[in-house]
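**Q** Before I ask anything, here is the structure I am working with.
None of the figures in this text is laboratory data; all of them are computed from the coordinates on show. Fair warning: this is a prediction, and the values are worked out from it, not measured in the lab. Every residue, glycine as well, gets a Cβ built from its backbone with ideal geometry; the counts of neighbours run over all protein chains shown.
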Amino acid sequence: MLMAAIKQKEIDTRIEITETDILSIIEKQVQQRFEAAEIYEKAGRNELFDKEMAEAEILKTYLPEKLSEEEVRLIISTIINETGANTLKDMGTVMAKLKDQTDGKINMKTASQIVKESLS
C-alpha cells in the first residue's frame with residue numbers, strides 16, 4: 001500500500017518525488033492507520049484494530065527517530081532568534097524554516113503549538 005501511495009503521488013504531481021516527500025507520505029500512512037485503528041476499537045472490531053496497529057508499527061520503522069520536545073524547543077528558539085520573529089504573524093516563516101531544518105524528525109502539530117507559545 002505504501003508503494004501505491006508513493007506512485008500515486010508521483011502521478012498526481014508529475015514530478016519525481018524526493019526523500020522528504022516519501023517521509024511525508026509514510027507519516028500520513030501511519031496517521032491513517034492510527035485513525036482507522038481508533039475507529040475499529042470504538043466499534044469493538046479488535047481483529048481490525050490489531051491489523052491497523054501492526055501496519056502502523058511496520059510503517060513507523062521507515063521513519064527517522066523523532067526529536068525530543070526539548071530538542072524541538074531549542075531549534076524553534078534558535079529559528080526565532082535568527083529570523084527576529086516576535087508575533088504570531090511570523091509563525092509561517094518560523095514553521096517553514098523548521099520544516100526545512102528537521103526533515104520529518106518532528107511532529108509538526110506539536111511544533112506548531114510550541115511556536116504559538118513562543119510567539120504569544
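**Q** In a shell of Cβ-Cβ distance under 14 Å around Glu71, excluding Glu71 itself, what net charge do Lys and Arg (+1) and Asp and Glu (-1) give?
**A** Taking every other residue near Glu71 into account, the sum is -1.
**Q** Suppose every K and R has +1 on its Cβ and every D and E has -1 on its Cβ; what is the size of the dipole of the chain about the Cα centre, in Debye to the nearest 20?
**A** 320
**Q** Using Cα-Cα distances under 8 Å and only pairs 6 or more residues apart, what relative contact order does the chain have, in percent?
**A** Computed over the chain, the figure is 23 percent.
**Q** Based solely on its DSSP helices, what 222 nm [θ] is calculated for the chain when runs of n ≥ 4 H residues each add -39,500 (n - 2.57) and the sum is averaged over all residues, nearest 500 deg cm²/dmol?
**A** Helices in the chain give a 222 nm mean residue ellipticity of -24500 deg cm²/dmol.
**Q** Right, something else. Tell me, rounded to the nearest percent, the portion of alpha carbon pairs in segment 1-42 spaced more than 11 Å apart.
**A** Result for the distance tail: 65 percent.
**Q** For segment 69-119, what's the radius of gyration and Dmax over Cα atoms, in angstrom?
**A** Over segment 69-119's Cα set, Rg and Dmax evaluate to 9.5, 25 Å.
**Q** For Cα pairs less than 8 Å apart in space and 6+ apart in sequence, what is the mean separation divided by the residue count of segment 2-60, i.e. the relative contact order in percent?
**A** Contact order relative to length: 32 percent.
**Q** Put one equal scatterer on each alpha carbon of segment 1-118, apply the Debye formula with no solvent term, and list log10 I(q)/I(0) at q = 0.19, 0.20 1/Å to two decimals.
**A** -1.02, -1.06
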